[in-house]
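One structure below.
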Amino acid sequence: MSKLFDNIRNAVRSDQLVVSWHADDSLEKREVTTWQIVAGLESATLIRERPRSQPNPSIVVRQELPDGSEVEVVWSWLAESKRAKLVTVYFRE
């Protein structure tokens, strides 16, 4: 398992997370709540790790919402504050 993914999941488990304006807006438009994304992270599948992405390393995970639809979620790791950041959420086409 990816150390970056583990760091993000551990931060989320400890409620050490922030949500970007972009993610908040995307969730609202798609009628998805933040708790659904947070709860789904435990069973999410790592799709891509982007350790050199700027301004923070990030991952892309695929997860299922309670209604059965799949979303891809981008999380980044804020190393200095040891927090996870929910960057964006999008439905797979």
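Taken together, the values in this text are just the output of simple stated rules run on the coordinates, not laboratory data. Not measured: the values here are computed from a predicted model. Quick reminder, even Gly has a Cβ in these numbers, built from the backbone with ideal geometry, and neighbours come from all protein chains shown.
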0 to 90° range, to nearest 10: angle between helix 21-30 axis and the chain longest Cα axis: 20
Cα centre as origin, Lys/Arg/Asp/Glu Cβ charges: the chain dipole, Debye: 480
Out of region 1-57, which GluC sites (Glu not before Pro) are coil in DSSP terms and have no more than 10 other C-beta atoms within 10 Å? Glu31
Please give, to one decimal in nm, the separation of the simple spin-label points placed at Lys3 and Asp15, each 7 Å out from Cα toward the Cβ. 2.9
Among trypsin sites (Lys or Arg not before Pro) in the chain, those in a DSSP loop whose Cβ has at most 11 other Cβ atoms within 10 Å are Arg52, Arg92
Please give the helix 3-13 orientation as an angle from the longest Cα principal axis of the chain, in degrees from 0 to 90, rounded to the nearest 10. 60
For region 3-91, what proportion of DSSP beta bridges, expressed in % and rounded to the nearest 5, is antiparallel? 85
Using the Cβ atoms and a cut-off under 9 Å, what net charge is assigned to the surroundings of Glu42, where Lys and Arg are +1 and Asp and Glu are -1? +2
Straight-line reach check, Lys3, cutoff 20 Å on alpha carbons, 8 or more apart in-chain or any other chain, hits among aspartates and glutamates -> Asp15, Glu42, Glu49, Glu72, Glu80
